1. Report the residue count in region 109-137 for those that are over 30 Å from Met1 (Cβ atoms), surrounded by fewer than 17 Cβ atoms within 10 Å (Cβ to Cβ) and in contact with a Lys or Arg (Cβ under 8 Å, 6 or more places away or on another chain).
2. What is the number of the single condition among (1) under 22 Å from Asp66 (Cα atoms); (2) within 16 Å of the ligand (Cβ to nearest atom); (3) β-branched (Val, Ile, Thr) that Val134 does not meet?
3. Tell me, please, whether a residue that is within 16 Å of the chain's Cα centre (by Cα), under 15 Å from Leu130 (Cα atoms) and without any contact (Cβ under 8 Å) to a residue 40 or more places away in the chain can be found in region 76-99.
4. Quick one: which of Ile62, Ile136 is within 15 Å of Ser10 (Cα to Cα) and in contact with a Gly (Cβ under 7 Å, 6 or more places away or on another chain)?
5. Considering only region 100-147, how many residues are in a strand (DSSP E or B) and in contact with a strand residue (DSSP E or B) (Cβ under 8 Å, 6 or more places away or on another chain)?
6. Evaluate region 25-36: report whether one residue or more is over 18 Å from Val152 (Cα atoms), of a type in the set (Asp, Glu) and in contact (Cβ under 8 Å) with a residue 60 or more places away in the chain.
7. If you scan region 3-36, which residues turn out to be of a type in the set (A, V, I, L, M, F, W, C), farther than 25 Å from Pro144 by Cα and in a loop (DSSP other than H, G, I, E, B)?
8. Working carefully through the options Gly51, Gly86, find the one that is farther than 27 Å from Gly127 by Cα, modelled with pLDDT under 95 and assigned to a loop (DSSP other than H, G, I, E, B).
Amino acid sequence: MNIAPDQVVSIHYTLKDDSGKILDSSVDGEPLTYLHGHGNLIPGLERELAGKSAGDRINVTIAPTDGYGEYDAALVQSVPRRALKGIRDLRVGTRLQAQTAQGPRAMTVSRIVGDLVTLDGNHPLAGKNLNFDVEIAEVRAATPEELSHGHVHGPGGHHHH
Ligand code: ZN
């Protein structure tokens, strides 16, 4: 079965940056299982997987525009430390939710100099090329329930409560 919209796909993947550093990998755990064609993966990777079948391996580089977006300097702001009162363990790398004019946004503390804390609202992988090694483990048709929800159910997928 070839990967097409409305199929459930399980993949093992290793993601590296351009220096070869491993950023994420499923290889020591469960495969990633997703519903193809519903925006559950970054667009560049979905496009590369289309038409492949179980057992295929691909090795692709996804540019930022097809991944987590270009790095946007406008999403970086500095605030006085007192504005973050109540945030425990405030240090470089701390993730927090900030209120912005566009609503709540996940921010990462990128710098602390004296009383000034720099918050970066970019995705941690924004602006980076994403180098994926992928092995397709399984391809199956989605159930009607999965299609109506737009995501996968069962092992490796989303679980209902
Ligand atoms: Zn569901």
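The values are calculated or read from the model by the stated rules, or taken from the named source; none is laboratory data. This one's a predicted model, so the numbers in the text were calculated from it and none came from an experiment. Positions of Cβ are generated from backbone atoms using ideal geometry, with glycine treated the same way; all protein chains shown enter the neighbour counts. For the accessible areas, the whole protein counts, side chains as well, though only heavy atoms, and no ligand, DNA or RNA atoms are used. Shrake-Rupley method; radii C 1.70, N 1.55, O 1.52, S 1.80 Å.
1. 4
2. Single failed check for Val134: (2).
3. Going residue by residue through region 76-99, those that are within 16 Å of the chain's Cα centre (by Cα) are 95.
Filter once more, keeping what is under 15 Å from Leu130 (Cα atoms): none.
Checked region 76-99: no residue is within 16 Å of the chain's Cα centre (by Cα), under 15 Å from Leu130 (Cα atoms) and without any contact (Cβ under 8 Å) to a residue 40 or more places away in the chain.
4. The conditions single out Ile136.
5. Our first condition is that a residue be in a strand (DSSP E or B); within region 100-147, this holds for 100, 103-113, 116-120, 130-141.
This time we only want the ones that are in contact with a strand residue (DSSP E or B) (Cβ under 8 Å, 6 or more places away or on another chain), so: 104-112, 116-120, 130-141.
Going through region 100-147 one residue at a time, the tally reaches 26.
6. no
7. The first filter runs over region 3-36 and keeps only residues of a type in the set (A, V, I, L, M, F, W, C), leaving 3-4, 8-9, 11, 15, 22-23, 27, 32, 35.
Going one step further and asking which of them are farther than 25 Å from Pro144 by Cα, we end up with 15, 22-23, 27.
Val27, the sole residue that qualifies.
8. On the way: Gly51 fails: modelled with pLDDT under 95.
None of the other options fit; the residue is Gly86.
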